[in-house]
Amino acid sequence: MNGIFIDSCILLDLFTDDPIWADWSEKTLNKYAQTNTLYINSIIYTEVSIGFNKIEEVERALSELAIKVIEIPREALFLAGKVFLQYKKNKGIKKSPLPDFFIGAQATVSQFDLMTRDSAKYKTYFPYLKLILPDKKVL
């Protein structure tokens, strides 16, 4: 599978019409959709669904963006667990794996680039993951 994994912050920018980030997220999604398949997983689906009243609304919004929902493979679940152990060794305070760990692990295992604005954890725990980030001038 070739494609781009889309972090929830990108979709939330669009769905909430974020005044700072919606334009960048829309332009970047459109750019990459021209030559790639766009994907999310169930974690991202859950995060973005909160702002909708009905599942049909979520499904319609994702369909309009041509985003496919794929399951998290076991290899990614295993990697997310290992990354969580590393996080705990680094004095992380959370009691269970963070959503970013599942997202980063799936993008890594699937060999997808990850479109996001939240790069810190991904850069720390998935150093070989290629990130699609805003230019510093956007910030």
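The values are calculated or read from the model by the stated rules, or taken from the named source; none is laboratory data. Given the structure is predicted, the values throughout are model-derived calculations rather than measurements. Glycine gets a Cβ as well: all are built from the backbone with ideal geometry, and neighbour counts include every protein chain shown.
Annotations for the structure displayed:
- Screening segment 9-42 for residues that are within 17 Å of SER63 (Cβ to Cβ) and touching a Ser or Thr at 6+ places or on another chain (Cβ under 9 Å) and picking the one that is surrounded by the most Cβ atoms within 10 Å (Cβ to Cβ) gives ILE10.
- Number of residues in segment 1-56 that are modelled with pLDDT of 95 or more, within 16 Å of GLN111 (Cα to Cα) and of a type in the set (A, V, I, L, M, F, W, C): the value is 5.
- Summed over segment 43-75, the residues that are in contact with a Ser or Thr (Cβ under 6 Å, 6 or more places away or on another chain) and either under 20 Å from SER96 (Cβ atoms) or free of Cβ contacts under 8 Å to residues at least 40 places away in the same chain (or both) give a count of 3.
- Members of segment 77-100 that are surrounded by 14 or more Cβ atoms within 10 Å (Cβ to Cβ), in contact with a Phe, Trp or Tyr (Cβ under 9 Å, 6 or more places away or on another chain) and under 16 Å from THR46 (Cβ atoms): LEU77, ALA80, PRO97, LEU98, ASP100
- Looking across segment 101-119, the residues that are under 19 Å from THR28 (Cβ atoms) and either in a helix (DSSP H, G or I) or of a type in the set (A, V, I, L, M, F, W, C) (or both) come down to ILE103, GLY104, ALA107, PHE112, LEU114, MET115.
- Top-ranked residue of segment 1-22 - restricted to ones that are part of a loop (DSSP other than H, G, I, E, B) and among the charged types (D, E, K, R), ranked as nearest to the chain's Cα centre (by Cα): ASP7
- Meets criteria (over 16 Å from the mean Cα position of the chain (by Cα), assigned to a helix (DSSP H, G or I) and farther than 27 Å from LEU14 by Cα) for LEU77: no
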